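Working notes, beginning with the structure itself.
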Amino acid sequence: MIDDDDLTIRTAEAADHLLLTVIGDLDLENAPAMTAALKDAIGVRPVILDLTGVDFMDSSGLGVLVGAHKEAAAHGAALLLAAPGPRLQKIFKITKLHKVFAVYESVPAAVAALGQPLQVEAAPPESVVPGFDAAGP
C-alpha cells in the first residue's frame with residue numbers, strides 16, 4: 001500500500017487478478033508513486049485499476065496509464081480500468097484513450113469481464129461504461 005498526503009493506493013490480491021484501488025489525484029507530483037505501484041503489480045495476471053476515488057488526472061497521470069497498458073500487453077496481461085467518474089470519462093474521451101483502455105462501469109463489471117476473452121493489445125471496440133460512446137466525436 002502506498003499512502004501519502006495526496007495519493008493512496010491499496011492492493012488486493014485475488015486468484016485471477018490484482019486490484020489496485022486509487023484514491024487521490026493522478027498528477028505530476030504523484031506519477032512516480034503510481035508508476036512504481038503499477039510496475040510492481042503488472043505481471044501475468046490482469047490488473048484492475050479502481051478509479052472510483054480519483055477526481056483529477058493530468059497528462060502525467062494519463063502517461064502513467066498508457067505506459068502501464070503497454071507494459072501489461074508486453075507481459076501478455078491486461079490492465080482494466082474500473083469506475084472512472086464523469087471527469088475521468090470526459091478526459092478519456094477527449095484524448096480518445098477510451099479506445100485504448102478497457103474501461104468498465106464498476107469493479108464487479110471488470111471482474112466479470114475476466115471470465116470472458118480479453119483483448120490484451122487493444123481495448124474492446126466499444127466501451128462498456130453506459131453513456132460512454134467509444135466511437136467518440
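The values are calculated or read from the model by the stated rules, or taken from the named source; none is laboratory data. Here the structure is a predicted model, which means the values were calculated and not measured. Neighbour counts are summed over all protein chains in view; Cβ atoms, including those assigned to glycine, are modelled from backbone coordinates with ideal geometry.
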- prompt: Does V103 satisfy the criteria of being assigned to a helix (DSSP H, G or I), in contact with a helix residue (DSSP H, G or I) (Cβ under 8 Å, 6 or more places away or on another chain), free of Cβ contacts under 8 Å to residues at least 60 places away in the same chain and among the β-branched types (V, I, T)?
  reply: no
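Each row is one residue, and each column tells you yes or no for (1) at pLDDT below 95; (2) in contact with a strand residue (DSSP E or B) (Cβ under 9 Å, 6 or more places away or on another chain); (3) at negative phi.
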position	(1), (2), (3)
E13	yes, yes, yes
V22	no, yes, yes
R45	yes, yes, yes
V54	no, yes, yes
L81	no, yes, yes
P86	no, no, yes
statement: Given (1) within 19 Å of F101 (Cβ to Cβ); (2) surrounded by 15 or more Cβ atoms within 10 Å (Cβ to Cβ); (3) touching an Asp or Glu at 6+ places or on another chain (Cβ under 7 Å), D55 misses just (2)
- line: Within region 1-27, the residues that are assigned to a loop (DSSP other than H, G, I, E, B), of a type in the set (G, A, S) and farther than 13 Å from A41 by Cα are A15
message: Whether any residue in region 109-128 is modelled with pLDDT under 90, touching a His at 6+ places or on another chain (Cβ under 7 Å) and assigned to a loop (DSSP other than H, G, I, E, B) is what I want to check.
response: yes
